[in-house]
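One structure is given below, encoded as structure tokens.
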Amino acid sequence: MATAREIITDALVEIGAYQAGETLSADDAQLGLTRLQKQLDAWAVDMLTLNVFDRVPYVNPPNINTITIGPTGTLVATRPVWMQAVNYIVPGSSPPVEVPMGPMDDDSFANLSIKTLQSSLPTQFYLNATMPNATVFIWPTPTQAVTLCFYMPILIDSPATLDAILTGPPGYQEAFMYQLAIRLCNPFGRKVPDTLPTMAREAYSRMKRPNTEPGLLAVDQALVPSYGGAFNVITGNMSGPSSR
């Protein structure tokens, strides 16, 4: 893996601002670091630039329906931009049994008539992207302590210094460099090289490709024989119960 300084140097050589082997000035290196940090910050909101999800367990106390996640949250962790899944572990189960909870969007959460409804176990969760900590609301409010498992994306660590090492799976190093090279053309007064956009686009696509998850194939209910009968949208008729 390369350091931030190496990636910045390669990007500046790529646009002709520096020659191979030439040492970056302190001001140019700092500008490159700032642009690299902003680039990674922008990538943090793109699901396809993040390839790893972390499972973070958290014991939620009884009668609590709100958990904050972030640098100063009740659960100290990287603030999630989105949540892949939230499960709860059935209390007393051995081996532990995880049960998925259904996600709620803004409208679903707003339409909850009794947000303080209580039950022994929760069934749904709602992520509110508050700052500096994200807020997760679980519903109904569990009346017992429940272990929740948050499946959250792991962000690429933003380099704090020029000598910080940027890590990533195969394909990420070129994407770091070529994407940064495009971002550095304007501040360094360089025309974008003719081949650079294509190289940057291809590197970015290669980086994202392994993170693409195809959806599960589904079949319209009207096209599948049903033992209880179903409405067929093609014929406009009800299909009767099929026999085994």
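The values are calculated or read from the model by the stated rules, or taken from the named source; none is laboratory data. Since we're looking at a predicted model, the values are computed, not measured. Every residue, glycine among them, receives a Cβ derived from its backbone with ideal geometry; neighbour counts consider all protein chains shown. The accessibility values were calculated without ligands, DNA or RNA, using every heavy atom of the protein model including side chains. Shrake-Rupley method; radii C 1.70, N 1.55, O 1.52, S 1.80 Å.
Against the conditions (1) part of a strand (DSSP E or B); (2) modelled with pLDDT under 95; (3) farther than 23 Å from Leu166 by Cα, Gly92 satisfies every one except (1). Every residue in the stretch 1-34 that is within 27 Å of Pro169 (Cα to Cα), of a type in the set (Gly, Ala, Ser) and part of a helix (DSSP H, G or I), please. Hits for the stretch 1-34 are Ala4, Ala11, Ala29, Gly32. Of the residues contained in the stretch 147-156, one or more are found to be crowded, with 20+ Cβ neighbours inside 10 Å, over 23 Å from Ala44 (Cα atoms) and touching a residue at least 24 places away in the same chain (Cβ under 8 Å). Tally the residues that are open to solvent by 90 Å² or more (accessible area, probe 1.4 Å) and over 19 Å from Ala164 (Cβ atoms), restricting the search to the stretch 23-59. Selection size over the stretch 23-59: 4. Considering the stretch 99-113 alone, what residues qualify as being of a type in the set (A, V, I, L, M, F, W, C), assigned to a loop (DSSP other than H, G, I, E, B) and modelled with pLDDT under 95? Residue satisfying the conditions is Leu112 alone.
Selection of the stretch 17-34 for residues being at negative phi and not hydrophobic (A, V, I, L, M, F, W, C) yields Tyr18, Gln19, Glu22, Thr23, Ser25, Asp27, Asp28, Gln30, Gly32, Thr34. Given the condition polar (S, T, N, Q) and within 30 Å of Ala203 (Cα to Cα), answer yes or no: does some residue in the stretch 65-82 qualify? Yes, because at least one residue in the stretch 65-82 is polar (S, T, N, Q) and within 30 Å of Ala203 (Cα to Cα). Selection over the stretch 134-146 of residues that are over 28 Å from Lys208 (Cβ atoms) and open to solvent by less than 30 Å² (accessible area, probe 1.4 Å) gives a count of 6. Applying the condition of being among the hydrophobic types (A, V, I, L, M, F, W, C) and open to solvent by 60 Å² or more (accessible area, probe 1.4 Å) to the stretch 182-203 and asking which residue is nearest to Gln19 (Cα to Cα) yields Ile182.
Checked against the criterion of being modelled with pLDDT under 75 and outside any helix (DSSP H, G or I), the stretch 206-213 has at least one qualifying residue. Report whether or not Thr130 is at pLDDT 95 or above and surrounded by 13 or more Cβ atoms within 10 Å (Cβ to Cβ). The answer is no for Thr130. Report yes if Phe125 is free of Cβ contacts under 8 Å to residues at least 60 places away in the same chain, open to solvent by 40 Å² or more (accessible area, probe 1.4 Å) and either assigned to a strand (DSSP E or B) or farther than 20 Å from Thr72 by Cβ (or both), otherwise no. No; evaluated as a whole, the condition is false for this residue.
Taking into account only those residues within the stretch 157-181 that are open to solvent by 50 Å² or more (accessible area, probe 1.4 Å) and not in a loop (DSSP other than H, G, I, E, B), which is nearest to Ala17 (Cα to Cα)? Per the criteria, the residue is Glu174. Would you pick out the residues in the stretch 35-50 that are in a helix (DSSP H, G or I) and farther than 12 Å from Pro159 by Cβ? Passing the criteria: Ala42, Trp43, Met47, Leu48, Thr49. Within the stretch 1-30, being in contact (Cβ under 8 Å) with a residue 60 or more places away in the chain, more than 18 Å from Lys191 (Cβ to Cβ) and among the hydrophobic types (A, V, I, L, M, F, W, C) holds for Met1, Ala2, Ala4, Ile7, Ile8, Ala29.
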